[in-house]
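The next block holds one structure in the form of structure tokens; read it before the comments.
Laboratory data are not the source of any read-out in this text; all were calculated from the coordinates shown. Source: prediction; values computed, not measured. No Cβ is skipped: glycine too gets one built from the backbone with ideal geometry, and neighbour counts run over all protein chains shown.
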Amino acid sequence: MPTIGETVSDLTLRFAAAGIDNPRLDARVLTAHVLDLPPEGLFSRAGDPFPTAQAAALDAVVARRLRREPVSRIRGFREFYGLDFQIGPATLDPRPDTETIVEAALRLRVPGKAAQILDLGTGSGCILLAILSAWPEARGVGIDLAADAVEVARGNANRLGLAQRATFVQGDWCEGLIGRFDVIVSNPPYIPDGDIPSLEPEVCDFEPPAALRGGKDGLDAYRALAPQFPARLEAGGTVLLEVGQGQAQDVAEILAAHELPHAAFYEDLGGVTRVVAASVRV
Ligand code: GLN
């Protein structure tokens with residue numbers, strides 16, 4: 001029987017041979033997942049024999065990773081903005097880049113002042129819930145076309161203790177929605193359809209297509225959303241949209257054509273302009 005340490009080393013080699021990006025990290029995280037340990041708990045157990053009873057479970061998980069299923073999908077959750085989010089087949093796997101929109105939203109906070117936030121295409125609810133976690137005076141609504149995503153987002157709100165301030169509903173962007181919001185956020189699908197097959201298999205084979213497909217030039221969702229914003233924004237309210245690399249200027253122009261002149265761009269940690277902010281002309 002190999003030890004836990006030997007199991008991790010063996011998996012690291014297999015993942016590396018399969019061309020997986022962070023083979024040692026994935027080997028550790030998946031071994032810990034099967035053993036129900038925190039990844040840092042493996043070190044003190046490295047010399048213990050790998051339990052025979054868990055061998056089949058490990059094989060199954062390894063086979064999934066070798067088919068390039070992302071680790072976060074295998075474990076069923078992903079950390080985002082320091083919080084744990086459950087993800088599912090209908091939700092995008094939250095990315096660190098998307099924390100840019102959370103940080104941009106939090107700059108709008110006026111301590112002590114109530115605020116209403118709307119998250120369009122909420123998926124796992126990660127953007128709205130991360131904002132609410134750091135903005136105690138805010139309440140929010142998250143909308144997604146996929147009923148299954150709405151379920152996942154509600155579960156996340158409950159687990160994070162934010163259900164009192166977050167409402168999740170199934171819907172087609174703002175259709176049927178009433179009321180106005182101080183901040184509207186969205187990370188809509190923005191990949192040009194023709195680019196999807198060349199994305200890494202973790203994305204093109206496992207992400208829900210509806211969360212990726214942005215139409216021919218990637219901008220369809222922004223064109224659909226922009227005309228809906230003026231009626232849903234409070235006076236002085238702000239729209240914050242995540243964009244793909246190279247799309248910021250085009251998205252700012254789409255917004256400017258719908259009473260939302262460009263106000264600011266925000267970069268992600270990789271230096272890519274990732275968020276376009278715009279406000280109603282007053
Ligand atoms: N708002 C969700 C997220 O950022 C889903 C985004 C999407 O499906 N395009 O993870």
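Cβ separations smaller than 6 Å between residues 6+ apart or across chains give no pair from region 46-67 residues that are touching a residue at least 60 places away in the same chain (Cβ under 8 Å) and at positive phi to residues that are β-branched (Val, Ile, Thr) and part of a strand (DSSP E or B).
Contact map, region 239-250: residues that are more than 16 Å from ALA211 (Cα to Cα) paired with residues that are assigned to a strand (DSSP E or B), Cβ distance under 6 Å, separation 6+ or inter-chain. Pairs shown: VAL239/ILE184; VAL239/ALA278; LEU240/VAL185; LEU240/VAL275; LEU240/ALA277; ALA248/PHE265; ALA248/THR273; ALA248/VAL276.
Restricting attention to region 195-204, does a residue exist that is within 14 Å of the ligand (Cβ to nearest atom), closer than 24 Å to GLU103 by Cβ and buried (at least 20 other Cβ atoms within 10 Å of the Cβ)? No, region 195-204 contains no residue that is within 14 Å of the ligand (Cβ to nearest atom), closer than 24 Å to GLU103 by Cβ and buried (at least 20 other Cβ atoms within 10 Å of the Cβ).
Within region 196-218, count every residue that is more than 18 Å from VAL185 (Cβ to Cβ) and not in a helix (DSSP H, G or I). Count: 12.
Scan region 50-82 residue by residue and report those that are touching a Ser or Thr at 6+ places or on another chain (Cβ under 6 Å) and either over 18 Å from VAL203 (Cα atoms) or among the aromatic types (Phe, Trp, Tyr) (or both). Walk me through how you get there before you give the answer.
Kept after step one, since they are touching a Ser or Thr at 6+ places or on another chain (Cβ under 6 Å), are these residues of region 50-82: 50, 78.
PHE50 - this is the single residue of region 50-82 that is touching a Ser or Thr at 6+ places or on another chain (Cβ under 6 Å) and either over 18 Å from VAL203 (Cα atoms) or among the aromatic types (Phe, Trp, Tyr) (or both).
Counting only residues that are part of a helix (DSSP H, G or I), surrounded by fewer than 17 Cβ atoms within 10 Å (Cβ to Cβ) and not hydrophobic (A, V, I, L, M, F, W, C), which one in region 51-74 is farthest from the ligand (Cβ to nearest atom)? Here the answer is THR52.
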